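Below is one structure, written out as structure tokens; comments come after it.
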Amino acid sequence: MNNRTYTESRRTYRGGLLSALVFALAALINSQGALGGSPAVNDYRKELDRILTGHRDPKAKLGARVVNLSTGQVLYEHDAEQPLIPASNMKLVVIAAALDRFGKDYQYKTMLAIRERDLVVVGCGDPTFGDEKLFQARGDSITAVFHIWAEKLAAAGVRQVSGNIVIDDSIFDDRFVHPNWPADQFQAWYEAPIGGLNFNANCVSVQVKPGKSGAAAIATLMPGTSLLKLENRLKSGRKHAPGLTRRRDSDTLVVAGSITRADTLGPVTIRDPGMYFGYVFKTVLAAKGIRVQGKVVREKLALGPDRVPAGGHGVAFHQAPLYDAARRAGQDSLGMMAEGLIKLLGSQESGVGSWETGRAALKRFLLEAGVPEGQFVIDDGSGLSRKNRLSARAATQVLAYMYKAPGGRFDQLRSSLARPGRDGTLRKRLRGPETRDRVFAKTGYINGVRTLAGYVQTKSGQWLAFAFFYNGTGKTRPLAQIQDQACELLVNWPIESTAQTR
């Protein structure tokens, strides 16, 4: 959304009808002690309906629902049982299911072992390994774990590996890219593949620097790996117009165009997550003085306790909290994190994580949460597939289920979502003082779809669950502004004084 357009729209709106309504109804509430069916609440309900349906776009379909989580009272509904394309709000359901199944404290564990002449890495499906945002937040480089492993190998006396680097990523299947994702967007970061071993969100960048005018520019893979081939057609010139592409089903990247200054191109996706992991590890080992004579090969191993391969012994392991994946999927809408979560759900129930086994596990969770079977269709975990369906009632039912779930599930889900003006996909939305610390939500956007669902804490301290789903229109940016206006109204929603706060 254009920030200036949104800011002007929000100021105009809040300076007009909404502000006047809030002050007028506040006075009415104080004088009458409004309850669920009072004139004040009915006025708010009408105003919410006016906001959500007054867009004058005949193609836009709306599914919406608002629930008071303390009382269970439905405050507003509009075609709430109609299954719509949820876009990235599919991630909301997947995150909830993963937190419900595993809990916030679940730890991924990636194992490094030695087996005879080989180094062996056993994957656990961790999508956060080498994630740039997470590692930089800790002050680490994305290859920090590989450097630690190299140091532990050196301390154990390993100076050379005469065999191979063997990767076992069989915890997930070998279908890395979903068949229903847009075929023409395979190299975009949001369509990154998912495997049992992953690195750097399964993307790569290229750093470029100009040389003499008209001469070839300098291009360097980041991170370095011998798996990928870099075809450099980039020239140093008077125009800065570089481009980076990856050929379909290929490990060759092409950098072309011209540059006038240093730049970083990408990220673009890689083809095979497990092999990418293995070859970056091999590159780091070489830089640390440990030469691997063999190749990187894939093998399904017989595993013993702690996932150590039979006939081998563990050297090191890397642990990472599942909650990091949940936050990256929820706050930043990083699709491969959600795909990792849905496949992990499938692996726990069926041995091997796949979209098929993940769908079965997610369906089971939705039914347990009280969602009617006809109100959802599961295709992937990120919402990139247009075959997903979710009703507004289904979304709010999941939110309500997690609100009541034991073990702090509500706090875990809420804190995994984006917050207005602070982080994630809502960082530039709803930045007013009334909404800044009261809205926790998951955004969703693909062509023709705008969705928003999550929690609102009203000024009276009550918690509401909401879902505002729009489908079927090419002009979705104004609908995002409408969703924001609706959230502003919810913050001021009058709640009966007898309702208990959480």
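Filter segment 238-294 down to residues that are of a type in the set (G, A, S) and part of a strand (DSSP E or B) and give me whichever is surrounded by the fewest Cβ atoms within 10 Å (Cβ to Cβ).
Selected residue: A241.
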Next item on the list: Being touching a helix residue (DSSP H, G or I) at 6+ places or on another chain (Cβ under 7 Å) and either free of Cβ contacts under 8 Å to residues at least 24 places away in the same chain or in a strand (DSSP E or B) (or both) is the filter here, so list the residues in segment 165-176 that pass it.
Entry: I165, I167, F172
Next item on the list: Tally the residues that are part of a helix (DSSP H, G or I) and either touching a strand residue (DSSP E or B) at 6+ places or on another chain (Cβ under 6 Å) or not charged (D, E, K, R) (or both), restricting the search to segment 140-164.
Entry: 11
Check: Quick one: is G163 modelled with pLDDT under 95, farther than 26 Å from S347 by Cβ and not hydroxyl-bearing (S, T, Y)?
Finding: no
Notebook entry, point to check: Out of all the residues in segment 268-304, which are polar (S, T, N, Q) and under 21 Å from C124 (Cα atoms)?
Noted result: T269
Item checked: Search result, residues across segment 358-375 that are surrounded by fewer than 22 Cβ atoms within 10 Å (Cβ to Cβ) and either touching a strand residue (DSSP E or B) at 6+ places or on another chain (Cβ under 9 Å) or not charged (D, E, K, R) (or both) -> A360, K363, F365, L367, A369, G370, P372, G374, Q375
Checklist line | Residue count, segment 341-357 (criterion: in contact (Cβ under 8 Å) with a residue 60 or more places away in the chain, touching a helix residue (DSSP H, G or I) at 6+ places or on another chain (Cβ under 6 Å) and surrounded by 23 or more Cβ atoms within 10 Å (Cβ to Cβ)) | finding: 5
Note to self: Could you list, ordered by first residue, the pairs with Cβ atoms under 7 Å in which the first is in segment 131-158 and farther than 19 Å from H313 by Cα and the second is polar (S, T, N, Q), at least 6 apart or interchain?
What the structure shows: D131/N200; E132/N200; L134/T128; F135/S141; I142/N200
Notebook entry, point to check: Of the residues A392, A338, which single one is touching a residue at least 40 places away in the same chain (Cβ under 8 Å), out of contact with any helix residue (DSSP H, G or I) (no Cβ under 7 Å at 6 or more places or on another chain) and under 26 Å from L62 (Cβ atoms)?
Noted result: A392
Note to self: Take the conditions free of Cβ contacts under 8 Å to residues at least 12 places away in the same chain, surrounded by fewer than 24 Cβ atoms within 10 Å (Cβ to Cβ), outside any strand (DSSP E or B) and not basic (K, R) and apply them to P478. Does it pass?
What the structure shows: no
Check: Among (1) over 27 Å from Q185 (Cα atoms); (2) not assigned by TED's automatic domain parsing to the domain that holds T71, which single condition is K387 missing?
Finding: (1)
Next item on the list: Can you tell me which residue among D484, D437 is under 19 Å from G330 (Cα atoms), outside any helix (DSSP H, G or I) and out of contact with any strand residue (DSSP E or B) (no Cβ under 7 Å at 6 or more places or on another chain)?
Entry: D437
Check: With respect to P309, is the statement that it is touching a residue at least 60 places away in the same chain (Cβ under 8 Å), in the same structural domain as I148 (by TED's automatic domain parsing) and not β-branched (V, I, T) true?
Finding: yes
Check: Can you find a residue in segment 286-302 that is within 30 Å of the chain's Cα centre (by Cα), polar (S, T, N, Q) and modelled with pLDDT of 95 or more?
Finding: no
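Answer yes if at least one residue in segment 129-144 is under 24 Å from G346 (Cβ atoms) and in contact with a Phe, Trp or Tyr (Cβ under 8 Å, 6 or more places away or on another chain), and no otherwise.
Our first condition is that a residue be under 24 Å from G346 (Cβ atoms); within segment 129-144, this holds for 129-131, 134.
Right, trim to in contact with a Phe, Trp or Tyr (Cβ under 8 Å, 6 or more places away or on another chain) and you get 129-130.
Within segment 129-144, one or more residues are under 24 Å from G346 (Cβ atoms) and in contact with a Phe, Trp or Tyr (Cβ under 8 Å, 6 or more places away or on another chain).
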Next item on the list: With the condition kept exactly as written, say whether any residue in segment 418-438 is touching a helix residue (DSSP H, G or I) at 6+ places or on another chain (Cβ under 7 Å), surrounded by fewer than 19 Cβ atoms within 10 Å (Cβ to Cβ) and modelled with pLDDT of 95 or more.
Entry: no
Item checked: Index of the failed condition, R307 passing every other in (1) surrounded by 18 or more Cβ atoms within 10 Å (Cβ to Cβ); (2) at pLDDT 95 or above -> (2)
Checklist line | Residue among R101, R65 that is crowded, with 24+ Cβ neighbours inside 10 Å, in contact (Cβ under 8 Å) with a residue 60 or more places away in the chain and of a type in the set (D, E, K, R) | finding: R65
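The values are calculated or read from the model by the stated rules, or taken from the named source; none is laboratory data. Owing to the predicted nature of the structure, the values given are computational and were not obtained by experimental measurement. Virtual Cβ from ideal backbone geometry, glycine too; neighbours counted across all protein chains shown.
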